[in-house]
Amino acid sequence: MRRVSLALLAGALAFLLAGPAQSQGTLRVAITASDVPTTTGVPTQGLEAWSYAGYSMFEPLVMWDLRVTETVPPVIPWLATEWNSDPADRKKWTFKLREGVKFHDGSEFNADAVIWNLDRFYNESAPQYEASTAASTKARVSVLASYEKIDDYTVALHTKSPVTYFPEVITSILFVSPAQWQKVGSWEAFGREPSGTGPFTLAAVDRSSLTLSKNQDYWNAERAAKLDQVVVYPMAEATTRLAALRSGQVDWINVPPPDGIPSLKDAGFVVATSPMPHIWPYWLKISEDSPFKDVKVRQAMNYALDREGLVALLNGAAEPAKGFWKPGDPRFGKPQNDYKYDPEKSKALLKEAGYGADELVPVKILISTSGSGQMLPLPMNELLQQSAKAAGFALDFAVVDWGQMAAIRANPNSPEMQGVVATNSSFTTADLTWFYFSFYPPNWVNFDDPETVKLMDQYRSDFDLDQEERTELMAHIHERLVDLAPWAWIVHDVNPKAFSASVKGYTPAQAWYVDLTTVYMEP
C-alpha cells in the first residue's frame, strides 16, 4: 500500500468528527504504522499490526493467552484443541482440530482448510500460493518441512529437525477461508472481503483506516468481543497521535510521546505500561567489510551507548537492556560483561582492536522514522549518536520508512544499504521463534559461533530436559550471546499506551499483542 499522507489522514479525521456521534461500542485507535496493515491474514506493518489486522480477524492453531498479565503469556489451545510430539519421531507433531468452527463466510474450518492455508505459503504450484506472504511466513516458520491430513479434524506437521518449542512457532500462521478466496479469485480481492474465524470481521478498509466489526457468530463465547467496532488509523508521527487523542479524534494511541505523558495524566487520560518482552537493539553486521567483525568492537559499541539517557528521554517509558533477556530473568545467566555507558571502557576495547586514541570508528546504521515497536527512533538515535561519539564511534544513519525497512534490509544491493553495517530493528523476546531467527545461522548479522550453535541445537532438540535443566541451558546460551555481542543491547520497551477514561477492560499482557476482545467503552 502507498504511504498515507497527513492531508489525507486529516481529511478522514475531519469527516469522522463531522459525522454522527460515535456509539459507546466503537473504539478508535491510532497506531504507529505509516500505512494501513494488509488484511489477508499476514499483516504488514510489523507485529503491532497483528493485534488489529491479524489475531482480531484470523486465528492460529495455538494461541497466546493474552488475558494472562502477571507473566509472559503461555500458549493455549485455539483452533487446535490438543497436540503432541510423537515420541518415536520428534519431528512429527499431531494436532486435533476444533470441530464446529466456521469462517466468517459460513464455510467450515477443518483439515482441508489447514492444508490449503499451508499450501499458500509452502507449495509453489498451488493456485493460492502467494510469494510475498510466503517469504515472511517461511522466515517465521522456517522449521516446517511438510504436512499432511490424517482425517477431517486431524493434521500432522513435520519439522526439519526436532523442535521442542514448536507450538510457539505456529502462533505465526493464521488461517483464512479457502471458500472465500475461491469466490473472490485473488488475494487483492480477498483483502477487501476477507474471511477468518476471529472475533472481529472486516467492515471497511481504505487508504486511511480499517474498521472491524464484532463477529456476532464467534465460536468462542467466553472470548467474544465486547466492542461493536474498532477503527484503526495509521499515524506515524507521535505528535499527530497525541493531538488526535487530546482533540477526541481517537480514543487510544500507541506510544504517546514521552514529553506529553505528564500533561495527558493531568488531563484525565490513562497512560498504561506493562513489562514487555521486547527489545530495541542495534543488529551488528559481522562481516569482513564491517568493524563489527571484531568482538572487541562489538563489545565497545555496547559500552558506548547511553541507555540511562534514553530512559530519561522517554520519561521512564523504557528499561535499560543488558542482553536479549532482562537481568531478572533466570535465563539471563551470568555473562562476563555488564554493559552500561562507559566511554573509557569503550575506547580501551577499541584500542585493543587496533584503533587510534583519537580515531572515531565510522558506523552507518539503517533506522526508521517510526513503526511497530520502534518507539521514537529519530530522537533516540540522535541521543545515541552523541553518546557514541564520546566513546569512540561516529554514527551515521540511513533513514527509511518502517514499511520498507524489512525489504531494504534483505537486499544488500539496495541503495539505502550501501555502507550499512548495523540496523535498528526492534524485536519481540516473547517466544523462541524469534530468538532462533535472530541468532541461529543463517541470520542477518552472520553470527555463527560453534559453541553457541551446539548449545542451541541441544536446547531445540532435547525433549528429555526438565524445566530447570532447560532454563539452565538457555542461561548458558544467553551468557555467550551477551559477551559475543551480535547485537548492541539498548533498551526494553514497556508498552506505553494512552487512552481516554471511557476506554475500559484493557488487559496489559506482557506481549506485543493486544486482546481487543476485553475492551469496551463507557460514556
Restricting the stretch 200-219 to residues that are under 26 Å from Trp78 (Cα atoms) and touching an Asp or Glu at 6+ places or on another chain (Cβ under 9 Å), the residue that is most open to solvent (accessible area, probe 1.4 Å): Lys214
Unmet criterion (only one of (1) of a type in the set (A, V, I, L, M, F, W, C); (2) surrounded by 23 or more Cβ atoms within 10 Å (Cβ to Cβ); (3) assigned to a helix (DSSP H, G or I)) for Trp283: (3)
From the options Ile261, Ile253, residue that is farther than 30 Å from Glu479 by Cα, out of contact with any Gly (no Cβ under 8 Å at 6 or more places or on another chain) and crowded, with 24+ Cβ neighbours inside 10 Å: Ile253
Odd one out for Lys138, checked against (1) open to solvent by 50 Å² or more (accessible area, probe 1.4 Å); (2) at pLDDT 95 or above; (3) touching a helix residue (DSSP H, G or I) at 6+ places or on another chain (Cβ under 7 Å); (4) closer than 20 Å to Ala410 by Cβ: (2)
Flag for Thr171 being under 27 Å from Gly403 (Cα atoms), in contact with a helix residue (DSSP H, G or I) (Cβ under 7 Å, 6 or more places away or on another chain), of a type outside the set (Phe, Trp, Tyr) and outside any loop (DSSP other than H, G, I, E, B): no
Tabulated pairs, the stretch 207-235, first under 17 Å from Thr26 (Cα atoms), second modelled with pLDDT of 95 or more and among the basic types (Lys, Arg), C-beta under 6 angstrom, 6+ apart or interchain: Ala225/Lys214; Asp228/Lys214; Val231/Arg28
Selected residue [among the hydrophobic types (A, V, I, L, M, F, W, C), open to solvent by 10 Å² or more (accessible area, probe 1.4 Å) and in a helix (DSSP H, G or I)] from Ala357, Ala407, Ala398: Ala407
Test: residue in the stretch 438-448 that is open to solvent by less than 20 Å² (accessible area, probe 1.4 Å) and of a type in the set (Gly, Ala, Ser): yes
Tally, over the stretch 463-495, of residues that are more than 30 Å from Ala388 (Cα to Cα) and open to solvent by less than 40 Å² (accessible area, probe 1.4 Å): 5
Subset tally (residues that are open to solvent by 40 Å² or more (accessible area, probe 1.4 Å) and within 24 Å of Gln229 (Cβ to Cβ)) for the stretch 51-88: 1
Within the stretch 293-323, considering residues that are at pLDDT below 95 and part of a loop (DSSP other than H, G, I, E, B), the one most open to solvent (accessible area, probe 1.4 Å): Asn315
Meets criteria (more than 21 Å from Pro37 (Cβ to Cβ), open to solvent by 10 Å² or more (accessible area, probe 1.4 Å) and in contact with a Gly (Cβ under 6 Å, 6 or more places away or on another chain)) for Leu383: yes
Qualifying positions in the stretch 35-50 - crowded, with 22+ Cβ neighbours inside 10 Å and among the polar types (S, T, N, Q): Thr38, Thr39, Thr40, Gln45
Any chance Asn337 is open to solvent by 10 Å² or more (accessible area, probe 1.4 Å) and at pLDDT below 95: no
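The values are calculated or read from the model by the stated rules, or taken from the named source; none is laboratory data. Keep in mind the model is a prediction, meaning the values are calculated, not measured. Backbone-built Cβ (ideal geometry, glycine too); neighbour counts: all protein chains shown. Just the protein is used for accessible areas: all its heavy atoms, side chains included, with ligands, DNA and RNA removed. Shrake-Rupley method; radii C 1.70, N 1.55, O 1.52, S 1.80 Å.
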